[in-house]
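A quick write-up on the structure given underneath.
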Amino acid sequence: MTNLLEAIQNIVHSPISDLVSHYKGKNRINGVGDALEFFVKDAFAGTINAGGESERLVKYSEVFSYAGNQNNPPDLMIRGGDAVEVKKIESYGSQIALNSSYPKAKLFADDPMITSTCRNCETWTEKDIIYAIGIASNQRLNLLWLVYGDCYAAEKEIYEKTRNRLINGIADTQGVDFTVTKELGRVNKVDPLGITYLRIRGMWGIENPAKAFSYVDTGYAPSANFQMIALMKESKYASFSKESRENIEKIVLPGFSMRDVVIKAPSNPVEVLPAKVINYTR
């Protein structure tokens with residue numbers, strides 16, 4: 001089974017910054033966003049330099065149990081492993097648009113925002129989730145963050161509490177025919193004929209990791225030609241196979257480093273968590 005450490009090794013040994021040029025002849029892509037998703041998928045599947053599309057497809061079917069769409073998280077699920085959500089932004093200061101889904105520390109099979117195909121693609125109840133956030137401009141990938149959700153997002157109860165307050169507030173509004181939906185809700189019969197309705201949709205967002213983890217020594221270098229920064233709890237790092245850990249600890253390359261840090265617990269900022277940062281810059 002592949003994992004984040006395996007993906008990092010593949011990125012370090014096969015770095016691709018000019019994404020569009022690399023993928024234009026191999027897949028139908030509409031731009032750098034599509035190319036970023038292919039790159040992340042290839043990093044986990046070990047197919048960055050695969051010879052042909054058929055080779056990629058066979059490997060994808062072995063490695064992944066699900067590949068999603070833009071409207072429902074996640075973008076990828078590793079068979080028996082973690083989930084991956086890919087996001088593209090265009091500048092170092094941009095915020096991350098999450099649309100209808102709030103940030104996730106973990107991905108749960110009973111989440112109403114995932115598809116039934118995702119829910120039933122394998123036997124699972126909970127998965128760790130990786131946010132793969134690429135900063136890309138002029139068809140090039142400048143920076144790739146690989147951040148585990150439990151380092152980045154609070155427990156789901158915190159977001160659900162805010163969501164439920166909004167729903168209850170709208171539902172209690174006099175003269176409104178309100179129905180709860182997967183989004184936030186729907187107001188029915190707005191007009192005298194009763195044929196117009198109003199969808200109420202949350203548009204969630206979260207700060208860029210560069211800002212969210214500005215207090216951590218991640219080795220962030222905005223002027224680098226290409227940089228990858230991975231962040232995970234120490235306990236997550238220890239959970240990877242001994243072989244994966246030994247292989248990444250053997251890497252001796254200019255610009256590659258791994259360091260121990262502490263991060264704020266997303267649900268309780270006065271608590272600190274031991275974490276690992278893996279950095280590759282070239």
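Cα centroid separation, the stretch 123-176 to the stretch 5-80: 23 Å. Distances between placed amide hydrogens fall under 5 Å for residue 101 paired with 204, all partners being 5 or more residues away or on another chain. Partners of residue 161 within straight-line reach, counting lysines whose Cα lies under 20 Å from its Cα and excluding those fewer than 8 residues away in the same chain: 104, 106, 182.
Counted residue by residue at 0.36 nm each, then reduced by the alpha carbon distance between them, the extension gain from residue 176 to residue 267 reaches 29.3 nm. Distance between the modelled labels on residue 234 and residue 90, one decimal in nanometres: 4.2 nm (7 Å Cα→Cβ projection).
Using modelled backbone amide H atoms (1.01 Å from N, in-plane), which distant-in-sequence or interchain residues come within less than 5 Å of residue 148's amide H? The list, which skips near neighbours in sequence, is 131, 231.
Counted residue by residue at 0.36 nm each, then reduced by the alpha carbon distance between them, the extension gain from residue 21 to residue 58 reaches 11.0 nm. In terms of overall dimensions, the stretch 8-79 has a Cα radius of gyration and Dmax of 11.8, 32 angstrom. Quick one: Debye curve from the alpha-carbon atoms of the chain only, equal weights, vacuum; give me log10 I(q)/I(0) at q = 0.10 Å⁻¹ to two decimals. With no solvent term, the Cα-only Debye profile gives -0.56.
Just the ratio, please: alpha-carbon radius of gyration of the stretch 21-142 over 2.2 N^0.38 Å, N its number of residues.
Dividing the Cα radius of gyration by 2.2 N^0.38 Å gives 1.07.
Modelled this way, with points 7 Å down the Cα-to-C-beta line, the labels at residue 211 and residue 256 are 3.3 nm from one another. Here the dipole of the chain is about 360 debye; that uses its Cα centre as origin and unit charges on the Cβ of Lys and Arg (positive) and Asp and Glu (negative). Scalar couplings 3J(HN,Hα) for the stretch 247-254, obtained by applying the Karplus form with A = 6.51, B = -1.76, C = 1.60 to θ = phi - 60°, are 5, 6, 6, 8, 5, 10, 9, x Hz; x denotes Gly and Pro.
Read-outs: derived from the displayed coordinates by stated rules, not from any lab. These numbers were taken from a predicted model, which means no experiment stands behind them. Cβ: placed from backbone, ideal geometry, glycine included. Neighbour counts: every protein chain shown.
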